[in-house]
Amino acid sequence: MRLAVLDRDRCQPKMCGLQCIKFCPRVRTGDETIVMGEDEKPVISEELCVGCGICVNRCPFGSIMIISLPEKLEETTHRYGKNGFALYGLPVPTVGKVTGILGPNGIGKSTAINILSGTLKPNLGRGRIGWEEILEYYAGTALHDYLEGVSKGKVKTSQKPQYVDMIPRKFKGKVSQLLSRTDERGVLKELVSRLDIADITDRKIDELSGGELQRVALAACVAREADFYFIDEISPYLDIYQRIKAARIIRELAENKAVMVVEHDLAILDLLADVVHIAYGTPGGFGVITHPKGVRIGINEYLKGFLREENVRIRTEAIKFDIHAPQAAKDVPSLLKFEQFSKKYEEGFELMAQGGEIRKGEVTGIVGPNGIGKSTFVKILAGEIEPTSGKIDMDIKVSYKPQYIKAEDPVLVSDYLRSLSREVDTSYYQTEILRPLQLERLMKQKLDDLSGGELQRVAIAACLSRTADLYLLDEPSAHLDVEQRVLATKVIRRFAENNKVTAMVVDHDIYMIDMLSDRLLVFEGEPMKRGEVHGPFDMRQGMNRFLKGIGITFRRDEETKRPRVNKLGSQLDRTQKAEGEYYYSMEGS
C-alpha cells in the first residue's frame with residue numbers, strides 16, 4: 001500500500017513550473033497520475049503512482065512525500081482529504097489509569113486527542129461519514145463505548161497545552177483571575193500549594209517564567225471537572241523535582257478519571273504511566289498508534305527501534321546508554337580554570353562559585369533545581385553578564401545558545417545559518433549537523449515562522465556553527481520529542497569529540513545528561529535566594545550528590561541500561577538511600 005502526501009502550505013505551483021507533473025513517467029505515458037485540482041494544486045493518484053520518487057526529488061519546495069506503508073495496517077482512522085496526512089489507530093482512555101503516548105512530533109498525537117475530545121469526527125479515510133458508520137466500525141472494541149459517549153456529547157475534556165509560552169498571548173490578567181475560572185473540583189487551593197505557585201497568584205500572566213507558566217497551566221487543567229484529561233508535556237521548563245511533584249498530582253487524578261499524557265522525558269513517563277501507546281510513522285505523512293503496552297516493555301521496544309508485537313522496525317539503530325568510564329585527569333588538558341566569584345542581583349539572589357576547571361574535549365553536564373543560578377553561571381561564561389566579585393579570564397572563543405529563544409527576524413533559516421558557518425567544512429556540516437537535526441526541510445522557511453521545536457533545533461545548529469573553543473547550550477531539549485533529543489545529543493557529543501572542543505550543557509532531562517556528559521557541575525542552595533556551584537565531578541559522584549539533594553534514586557534497566565526512577569519508599573529506593581548509592585543500581589528483568 002502506498003500513500004502520496006502533499007504539504008499544501010509548502011506547495012507553490014506558480015513558482016515551480018509544475019515539475020512534479022512534467023517529469024512524472026506515468027504522466028508522460030498518458031496516465032493521469034498527477035493532475036491539477038480545483039484549488040490549483042497537484043492531486044496525486046495513489047492507485048496509479050508507481051513510487052519512483054521522481055516528483056519527490058524534483059519538487060523544489062520539498063512538498064511531496066511518497067510513502068510505502070507497513071503491511072497489515074488497520075483501516076484508516078482519519079485522513080485530511082486527498083493526499084493529506086493519514087492516522088491509523090487510536091489510544092484508549094481508561095478510567096483509573098495514566099495512558100502514555102510515546103512518539104515523535106507530527107505523527108498524529110494531536111489528531112488522536114482531537115478525536116477523543118470530540119472536536120474532530122473520525123472519517124475512517126472515507127470522506128464525510130456519520131457516527132452510525134463510525135460506531136459500527138468500532139463495535140466490539142474497547143473504544144466503542146467511549147466514542148459513543150463522544151458522539152452524544154457526554155464526554156467532557158480538560159487539556160493542558162504543549163506550548164505554555166503561548167498562554168500570555170491568549171489571556172491578559174493576573175494568575176488568580178485565570179485560575180479562579182477553572183476551580184470546578186474545589187481543589188485549586190491544594191494544587192496552588194503543592195505546585196509552589198502561591199507566591200505568584202497576584203502577578204500578571206505575561207510576567208511569568210516558563211516554569212511558572214507550566215505549573216499554572218497544569219493547575220488550571222487538573223482543577224477542572226472532566227471525564228478525560230489530556231496533559232501535553234509537563235516537563236519543559238521544570239526541574240526534576242518539580243516534574244516528580246507534577247507526576248504525583250497526575251497519578252492521583254487518575255484514581256477515578258481517564259488521563260492521557262504525551263511526554264518526551266522518558267524517565268518521567270516511566271514513573272507516570274501505567275501503559276503506553278507507541279506512535280510511529282513519517283512526521284507530516286502518516287502515523288500509526290499501536291495497541292497499549294506495559295510501560296517498561298513499550299519504552300524498551302521504542303529505544304530498541306523494533307516493535308515485537310507489530311513486527312515493525314521504527315529505527316535503524318537502537319538508542320544505547322553507556323556507562324562512561326572516567327578519563328584520567330592527567331590525560332586531559334585544561335581549557336579554562338576559574339577562581340572564586342559571585343553574582344548578586346538587586347532582588348536578593350546571589351550565586352557563589354568556589355572555582356573549578358573545565359577540560360578540553362569534554363562535555364560537562366550542569367544540573368540543579370530551577371532558580372538556582374545555572375543560567376546565570378552560563379551567561380557569565382558567555383560574557384553576557386559580569387560577576388559582582390571575582391573575575392574569569394576568558395581568553396577563549398565562546399558560542400552560546402540561551403535558554404529562551406526568540407525569532408523576530410524574518411530571515412530564511414538557510415541564510416541565517418550560512419552567515420554563521422563560513423569556516424565550516426560543507427560536507428561535514430551537512431552530514432553531522434543539518435541532517436541529524438532534521439533541518440534540511442526547514443532551510444527555505446523563515447525564522448519567525450518556526451515552531452518551538454523547529455526553532456530549538458535551528459538554535460542548536462547555530463551554536464555549533466560558530467568557531468569557538470567552548471560551546472554553551474542552555475536547555476537544548478526543550479520542545480524536542482524523544483527522537484529529536486537523541487539526535488541532538490549525538491550531534492553535540494560527536495561535535496565535541498570530532499573537533500576536540502568543549503561543551504557545557506544545562507538540562508533537566510536525565511536521559512540526555514546521562515548519554516551526553518563526561519562530568520557534572522552540581523548546583524545547590526535555595527531557589528530564588530542563593531545558589532552554589534560544586535564540581536565538576538565524575539558522573540557517579542556528581543549524580544549521587546544531585547539526586548541525594550532532591551531525595552530520589554535511579555536504577556538502570558538491565559535490558560537497555562536506561563535510567564529509571566525508583567518509586568519513592570519502595571524497597572529498592574530505601575536500600576539505595578541506606579547505601580548512599582542514589583545512581584545507579586542494576587535491576588532484574
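Taking amide H positions as placed 1.01 Å from N in the peptide plane, with prolines and chain starts having none, which residues 5 or more places from LEU472, or on another chain, fall under 5 Å of its amide H?
Those qualifying (amide H under 5 Å, at least 5 residues apart or on another chain) are SER399, TYR400, LYS401, MET504.
Within segment 344-391, report the trypsin sites (Lys or Arg not before Pro) that DSSP leaves as loop and that have at most 12 other Cβ atoms within 10 Å.
Those satisfying the criteria are LYS391.
Can you pull out the GluC sites (Glu not before Pro) in segment 294-395 that DSSP calls coil and that have at most 16 other Cβ atoms within 10 Å?
Loop-located and lightly packed - GLU309, GLU317, GLU339, GLU346, GLU347, GLU384.
Roughly what angle does helix 452-465 make with the longest principal axis of the chain, taking Cα atoms, 0 to 90 degrees, to the nearest 10?
50 degrees
Listed here are the pairs LYS401/LYS548; LYS245/LYS344; LYS245/LYS401; LYS343/LYS401; LYS343/LYS374; LYS320/LYS360; which of them are more than 18 Å apart at the Cα?
LYS401/LYS548; LYS245/LYS344; LYS245/LYS401; LYS343/LYS401; LYS320/LYS360
Hey, what's the chain come to in accessible area per residue, 1.4 Å probe, Å²?
That works out to 46 Å² for each residue.
So for segment 444-589, averaging the separation of alpha carbon pairs under 8 Å that are six or more residues apart and normalising by length, what relative contact order in percent results?
Contact order relative to length: 15 percent.
Where the only charges are on Cβ atoms (+1 Lys, Arg; -1 Asp, Glu), what is the dipole of the chain about its Cα centre, to the nearest 20 debye?
Taking the Cα centre of the chain as origin, the dipole is about 320 debye.
Straight-line reach only, C-alpha to C-alpha below 18 angstrom: list the lysines that LYS22 could link to, leaving out same-chain residues fewer than 8 apart.
Those lysines meeting the cut-off are LYS14, LYS41.
If all Cα-Cα distances of the chain are sorted into 20 Å bins from 0 onward, what percent lands in each bin, rounded to whole numbers?
18, 52, 27, 3
How much of the DSSP bridge set in segment 374-523 is antiparallel, in percent, rounded to the nearest 5?
Once the DSSP bridges in segment 374-523 are tallied, antiparallel ones form about 10 percent.
Per the 1.4 Å probe, what fraction of the accessible area of segment 459-527, in percent, lies on carbon and sulfur atoms?
46 percent
Once you keep just the Cα pairs under 8 angstrom separated by 6 or more residues, what percentage relative contact order results for the chain?
13 percent
Restricting attention to the chain, give the cysteines that have no other cysteine Cβ less than 4.7 angstrom from their Cβ.
CYS11, CYS16, CYS24, CYS49, CYS52, CYS59, CYS221, CYS463, each lacking another Cys Cβ under 4.7 Å.
At a 1.4 Å probe, what is the % contribution of carbon and sulfur to the accessible area of segment 1-107?
In segment 1-107, the share of accessible area belonging to carbon and sulfur is 51 percent.
Relative to the first principal axis of the alpha-carbon coordinates of the chain, what is the inclination of helix 210-223, with its axis defined by its Cα atoms, in degrees from 0 to 90 and to the nearest 10?
Relative to the chain, helix 210-223 is tipped by roughly 60 degrees.
Using a 1.4 Å probe over the heavy atoms of the protein chains, calculate the carbon and sulfur portion of the accessible area of segment 244-288 as a whole percent.
Result for segment 244-288: 45 percent of the exposed heavy-atom area is carbon or sulfur.
Can you compute 3J(HN,Hα) from phi for each residue in segment 163-176, using the Karplus curve 6.51 cos²θ - 1.76 cosθ + 1.60 with θ = phi - 60°, rounded to whole Hz and x for Gly and Pro?
Taking θ as phi minus 60°, the curve returns 9, 5, 6, 8, 4, x, 6, 9, 9, 10, x, 8, 4, 4 Hz for segment 163-176.
Mind listing the phi-derived Karplus ³J(HN,Hα) values for segment 498-513, rounded to whole Hz, using 6.51, -1.76 and 1.60 with θ = phi - 60°, and x for any glycine or proline?
Those phi angles translate into 5, 9, 6, 10, 9, 10, 10, 10, 8, 7, 9, 7, 4, 4, 5, 4 Hz.
The values are calculated or read from the model by the stated rules, or taken from the named source; none is laboratory data. These numbers come from a predicted model, not from an experiment. Quick reminder, even Gly has a Cβ in these numbers, built from the backbone with ideal geometry, and neighbours come from all protein chains shown. When the accessible area is computed, the model is the full protein with side chains, heavy atoms only, and any ligands, DNA or RNA have been set aside. Shrake-Rupley method; radii C 1.70, N 1.55, O 1.52, S 1.80 Å.
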